[in-house]
Structure formats: structure tokens, C-alpha cells
1. Which log10 I(q)/I(0) values does segment 32-79 give at q = 0.30 Å⁻¹ under the Debye formula, counting every alpha carbon as one identical point scatterer?
2. Using helices alone, I'd like the mean residue ellipticity at 222 nm for the chain: each DSSP H run of four-plus residues gives -39500 (n - 2.57), total over residue count, nearest 500.
3. Which of 135, 78, 45 moves the most in a Gaussian network model of the chain with Cα springs under 10 Å?
4. Once you list every other residue whose beta carbon is under 9 Å from the beta carbon of residue 115, what net charge do they have if Lys and Arg are +1 and Asp and Glu are -1?
5. Using the Cα centre as the reference, give the magnitude of the dipole from point charges on the C-beta atoms of segment 70-166 (Lys, Arg: +1; Asp, Glu: -1; all else neutral), rounded to the nearest 20 debye.
6. Can you order the peptides 122-128, 26-32 by their average number of other Cβ atoms within 10 Å per residue, highest first?
7. Tally up the carbon and sulfur contribution to the accessible surface of the chain as a whole percent, 1.4 Å probe, everything protein left in place.
8. On average, how much accessible surface per residue is there in segment 84-166, in Å², for a 1.4 Å probe, leaving out ligands, DNA and RNA?
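The values are calculated or read from the model by the stated rules, or taken from the named source; none is laboratory data. Because the structure is predicted, anything quoted here is derived from the model rather than measured. Neighbour counts are summed over all protein chains in view; Cβ atoms, including those assigned to glycine, are modelled from backbone coordinates with ideal geometry. Calculation scope for accessible area: heavy atoms of the full protein, side chains included, ligands and nucleic acids excluded. Shrake-Rupley method; radii C 1.70, N 1.55, O 1.52, S 1.80 Å.
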Amino acid sequence: VERAAALAGGLDILVNNAGFADYVRVEDMPLDTFDRTIEHYVRVPFRLSQDAIRLMRGAGAGWIVNIGSITAYPPTRPYLDYAKQGGDVIYAAVKAALHRMTQGLAAEMLDANIAVNSVGPSSAIRTPGADALIPADYPCEDVAYIAETVLAMCHLPAAERTGLVA
């Protein structure tokens, strides 16, 4: 974070966006897959946020955006075939944790004028890493729409726009 800030001449926004898909039913999930999922979606955003907050606090403002997921919300009843087939339980659980971390951190950072929000795509995102996993005809989220949502969350003071999960 410090190296990136030095190269860019400061740090205004942190977007915790990296991801991968390791969907495995709980009964079949290797412990290393479980650990990697926790590490990737909870620990890494935690550490990056810690480092970014130090710089943003010094600058008097900043924005942290965590990329969540619609999977963070519980499956609806009656359960759809997708939910019954499983595979996303642990991914969904860590995304729910990330949403909660977002809201708690928003409260902690309010007085420092650092807004913390989460944007949870409502469908898959077609990226080079995910493309092989997504059927060609699957309706994917528009990346431009997500970027617009992030921008809408990251241009006002924290008191006016923080703690949101969109």
C-alpha cells in the first residue's frame, strides 16, 4: 500500500476486489481450500485496509470499497436447485463476513472522514479467471455499472455516504 501510494502521489481509495472461485460442497472441501478462502476474502482486505487507513487518516479523508457478493444473503426458501447443489457456502459466508466488516469499519472510520462501503454484484462477473467457469449464455453483471456504483459511493464525505452494502 505504501509503495502504491508513493508511486501515485497519495492514496484516496482502496478497492478490495481480487477474487477467485473455489466452489466445493462443504462435505468435500479440503481444509486448504477453506483456509485460502478465509485468507483471500477476509484477512487480505483487513490487512490492506489497516495500511490504507494509516495513509488516509493522515490525508484527512479516504474511501474503502470492498467487493462483496449477492451470495452473502441467505438462500431463499423453498431452496432453489442451485442452493441444493451447493458449492458456494464458504464463499458466501466470507462475503457475509466482509459485508459485516465493512459496516463495522464504517462506524470506526466515520470521525476520520474515511467512508467504507461494499458493492455486491448480483450476478457473475466475466473476468479472465472466471470466464472458463461461466456458461456463454449466462447473464453477467455489467462491469461499467459496478464502477458507476463505486464512484457514487466514493465522492462524498464519509458522514454522507458510508456503511452501505449495495
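1. For segment 32-79, the Cα-only Debye profile gives -1.07.
2. The helix-only estimate for the chain comes to -12500 deg cm²/dmol at 222 nm.
3. Comparing 135, 78, 45 in a Gaussian network model of the chain, the most mobile one is 78.
4. Spelling it out: positives minus negatives among the neighbours equals 0.
5. 300 debye
6. Descending packing order for the listed peptides: 122-128, 26-32.
7. Working: 5820 of 9990 Å².
Taking all protein chains in place, the chain shows 58 percent carbon and sulfur surface.
8. Per residue, segment 84-166 has 54 Å² of solvent-accessible surface.
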